[in-house]
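The values are calculated or read from the model by the stated rules, or taken from the named source; none is laboratory data. Keep in mind it's a predicted model, so treat the numbers as computed, not measured. Please note: Cβ atoms are built from the backbone with ideal geometry, for glycine as well, and neighbour counts cover all protein chains shown. Just so you know, the surface numbers come from the protein's heavy atoms only, side chains and all, with ligands and any DNA or RNA stripped out. Shrake-Rupley method; radii C 1.70, N 1.55, O 1.52, S 1.80 Å.
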Amino acid sequence: MFDQRAFRSALGCFPTGVTIVTAPNPGGDPIAMTVSSFNAVSLDPPLVLFSVKRSAFSLPVLLEASHFAVSVLRGDQTEISARFAHAQGAKWAGLEPRFGATGCPLASQGLATFECEPHAVHDGGDHLIIIGRVVSFEVEADGEPLIFFRGGYHSIAARA
């Protein structure tokens, strides 16, 4: 029998950056979710990907959105990561989204933000792999990334 808990722990040995995926929601507050499965795909055309669990509460709205954004979080943004990691609730309480070049709601100023239009969706077992074509991006000159490793937040070591 395959031990899924042990497999998840083994996957947790690979440190990842932490992102927030946001999208407009015509029926209410913008959607937002914490995602650590973000990756670059292609420079030409400019493509990025992330995966979302098929049972995610916000997935149907995300799949219908004309644009979405992926914001790479800074090391001091653990609170916003934790806020948007929950499936439901008043995620935006006390926060006012800013809007990017595409009109997509953005949760916070991270290290980088990629505004995308949907490009493709692929089967990924219990997840969907969502590929976006980057139509606008912004980058902060300074800051360190928020890292997720073995079930917790970490920061990277200072540069020598």
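Checking each residue in region 14-70 for being of a type in the set (A, V, I, L, M), open to solvent by less than 30 Å² (accessible area, probe 1.4 Å) and under 22 Å from His154 (Cβ atoms) picks out Val18, Ile20, Val21, Met33, Val35, Val70.
The listed residues are Gly132, Gly94, and the only one of them that is within 30 Å of Ile156 (Cα to Cα) and touching a strand residue (DSSP E or B) at 6+ places or on another chain (Cβ under 9 Å) turns out to be Gly132.
With the condition kept exactly as written, say whether any residue in region 150-160 is among the hydrophobic types (A, V, I, L, M, F, W, C) and within 16 Å of the chain's Cα centre (by Cα). No, there is no match, as no residue in region 150-160 is among the hydrophobic types (A, V, I, L, M, F, W, C) and within 16 Å of the chain's Cα centre (by Cα). Comparison of Val61, Val139, Val52 shows that the only residue that is touching a residue at least 40 places away in the same chain (Cβ under 8 Å) and hydrophobic (A, V, I, L, M, F, W, C) is Val52.
If you take the residues of region 109-131 that are outside any strand (DSSP E or B) and open to solvent by 50 Å² or more (accessible area, probe 1.4 Å), which of them is modelled with the highest pLDDT? Steps first, answer last, please.
If we filter region 109-131 for residues that are outside any strand (DSSP E or B), which is where we start, we get 109-111, 125-126.
From what is left, the residues that are open to solvent by 50 Å² or more (accessible area, probe 1.4 Å) are 109, 126.
Details: Gln109: 82, Asp126: 94.
Within region 109-131, the match that is modelled with the highest pLDDT is Asp126.
For region 132-160, the set of residues classified as in a strand (DSSP E or B) and either over 18 Å from Pro15 (Cα atoms) or open to solvent by 50 Å² or more (accessible area, probe 1.4 Å) (or both) consists of Gly132, Arg133, Val134, Val135, Ser136, Phe137, Glu138, Val139, Phe148, Phe149, Tyr153, His154, listed by residue number.
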